[in-house]
Amino acid sequence: MLTVLLILIPLITGLVTFGLKGPSAKVFSLLSSFASLVVAVIAWQQFSAAPESLQFTQSWIPQLGSQFNVGLDGMGTMLCLLTAISFPLIFITVYNREYDRPGAFYGLMLLSQAGLIGVFTAYDALLFYVFWELALIPVYFLCSMWGGERAVPVTFKFFVYTFAGSLLMLVGIIYIYFQTPDHSFSWTAFTSLQISTQEQSWLFWLFFVAFAIKMPVFPFHTWQPDTYEQSPTPVTMVLSGIMVKMGLFGVIRWLLPVLPQGAYMWQEAAIVLSVTGIIYASCIAIMQSDFKRLIAYSSIAHIGLMSAAIFANNEQSMQGVQVQMFNHGINIIGLWIVVEVIQDRLRIKDMREMGGIATYAPKLAIVLVVISLANIALPLTNGFIGEFLMFSGLFQYNPWFAAVACVAIILAAVYMLNMLQKVIFGEANTLTATTADLKTGELLAAGAIIAVIFFLGVYPKPLLELVQSTTAIVNATAWMK
């Protein structure tokens with residue numbers, strides 16, 4: 001029942017929050033997020049002791065052969081834990097901010113959390129699709145109703161992109177469903193089905209495009225920078241810290257085990273797109289003066305590396321991807337916390353108007369330096385072990401792809417260090433001289449992120465052990481049929 005609770009807590013409390021007004025909405029949502037975190041930690045401990053207890057199956061739509069089948073493997077547990085950690089950090093960071101219609105704002109945030117947890121736990125393809133859409137719909141309203149000046153057209157583009165990808169995936173799901181002997185949507189039925197190589201070849205693209213849009217991978221990324229820029233920062237934290245992991249998760253959980261021959265046929269094409277996106281996004285990030293857009297393109301580059309490592313398909317790359325999904329989520333949310341603080345204080349996003357913040361907000365400066373170094377995978381930070389494993393796995397597949405991808409390390413150092421120079425160092429101006437340092441809630445959230453960065457940088461064993469079982473399952477089921 002722990003897995004079901006992870007979904008029900010944000011779902012029920014999200015619906016209740018719609019009826020709350022004023023400060024009670026954010027207090028209630030914060031308490032809900034802490035309740036989810038407690039359950040996620042218990043589930044993590046339970047996974048180590050008795051993973052079978054985290055599986056739950058109940059009849060749902062028997063006429064279609066669909067069940068409410070949810071459970072946790074190592075990767076699902078890790079992503080649910082990331083989600084459960086992220087939402088309290090987000091709510092604490094923006095606790096002193098005031099939003100119009102707070103009941104609706106926080107209610108939609110919690111509903112998106114329920115959808116995300118559902119995606120990471122579903123073992124039924126139809127249920128997976130339902131949660132996939134449930135995670136998307138609240139974010140659409142959050143972006144369009146509380147976003148920037150261009151929020152409506154930008155959010156419309158985001159919705160069209162992601163919904164079109166979802167429909168392609170739905171077509172693929174329905175086609176495979178009709179191929180199963182007992183007309184079942186279960187993960188077991190899908191992975192045990194013998195689909196011809198010709199069918200897998202075109203089915204691969206139905207699923208891959210849907211997942212590539214969500215990640216996003218070049219050239220399906222064009223919705224992302226505008227959406228990140230126009231969305232309210234708490235929503236951007238959800239999008240970049242957690243929601244992009246839905247695409248990576250979908251490839252590992254559904255695409256590789258169900259369509260192994262299709263993945264084998266197109267793996268080089270997928271890696272080429274991913275590596276191209278790494279270099280492209282890194283170069284664009286170097287040219288950015290908008291703080292939010294720089295982080296957006298940085299995220300595209302990091303996700304591109306994870307996508308390339310998935311299709312390299314060896315134990316090291318797969319383990320590195322899963323570890324990095326967690327670490328990237330922590331680091332990118334940390335960067336958005338800094339963005340939120342600066343926007344709250346200065347009301348600007350242009351880095352050319354910043355500078356000298358370290359003199360007046362030293363705690364904020366320290367936080368940004370530490371998180372930036374983690375983002376470029378400095379040894380002893382959490383970003384190092386995942387990137388090392390991914391590059392090692394990619395090198396095993398093809399040294400040339402690894403060499404091109406490694407250029408991203410240099411480019412990442414260029415745009416992150418350049419950003420530090422523009423934002424916190426140099427001479428202060430009349431605007432930045434008024435910067436107030438981190439407040440209590442902001443300091444707690446940033447401090448928790450820095451603690452995770454150093455703990456997992458020095459001792460990554462808990463994460464490596466958690467995802468090891470999923471790596472073994474993927475290796476056993478995929479590419480070998």
Take the chain, mark every one of the GluC sites (Glu not before Pro) that falls in a DSSP loop and has at most 16 other Cβ within 10 Å, then report the longest stretch left between them, sites excluded.
150-426
Bin all alpha-carbon pair distances of the range 1-258 at 10 Å intervals from 0 and give each bin's fraction as a whole percent.
7, 31, 35, 22, 5, 1
Tally up the carbon and sulfur contribution to the accessible surface of the range 3-121 as a whole percent, 1.4 Å probe, everything protein left in place.
68
So how far, in whole Å, is the C-alpha centre of the range 80-150 from the one of the range 315-379?
21
Shape call, the range 164-286: gyration tensor on alpha carbons, a/c limit 1.5
prolate
With every protein chain kept in place and ligands, DNA and RNA left out, what is the accessible area per residue of the range 1-258? Probe 1.4 Å, answer in Å².
34
Suppose accessible area is computed on protein heavy atoms with a 1.4 Å probe; arrange Asp100, Asp73 from highest to lowest.
Asp100, Asp73
Check every DSSP H run in the chain and write down those whose alpha carbon atoms cover 30 angstrom or more along the long axis and whose mean Kyte-Doolittle hydropathy is 0.5 or greater.
23-49, 125-146, 151-179, 260-286, 291-312, 399-423
With 10 Å bins from 0: P(r) over the chain, alpha-carbon pairs, percent:
4, 21, 33, 28, 11, 3, 0, 0
Between the alpha carbon centres of the range 416-430 and the range 1-25 the gap in Å comes to 41
Sorted peptide list for 303-309, 278-284, criterion being average Cβ within 10 angstrom, highest first:
303-309, 278-284
Which pairs in the list Lys21/Lys349; Lys21/Lys157; Lys157/Lys214; Lys21/Lys214; Lys26/Lys422 are over 23 Å apart, alpha-carbon to alpha-carbon?
Lys21/Lys349; Lys21/Lys157; Lys21/Lys214; Lys26/Lys422
Tell me the relative contact order for the chain as a rounded percent, counting alpha carbon contacts under 8 Å between residues six or more apart.
16
What share of all Cα pairs of the range 271-395, in percent, falls into each consecutive 10 Å distance bin?
13, 40, 31, 13, 3
Roughly how many percent of the accessible protein surface of the range 201-358 is carbon and sulfur, given a 1.4 Å probe and a whole-percent answer?
57
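The values are calculated or read from the model by the stated rules, or taken from the named source; none is laboratory data. Model, not experiment: these values are computed from the prediction. Cβ sites come from the backbone with ideal geometry, for glycine too, and all protein chains shown count toward neighbours. Please note that ligands, DNA and RNA were not included when accessible areas were found on the heavy atoms of the full protein model with its side chains. Shrake-Rupley method; radii C 1.70, N 1.55, O 1.52, S 1.80 Å.
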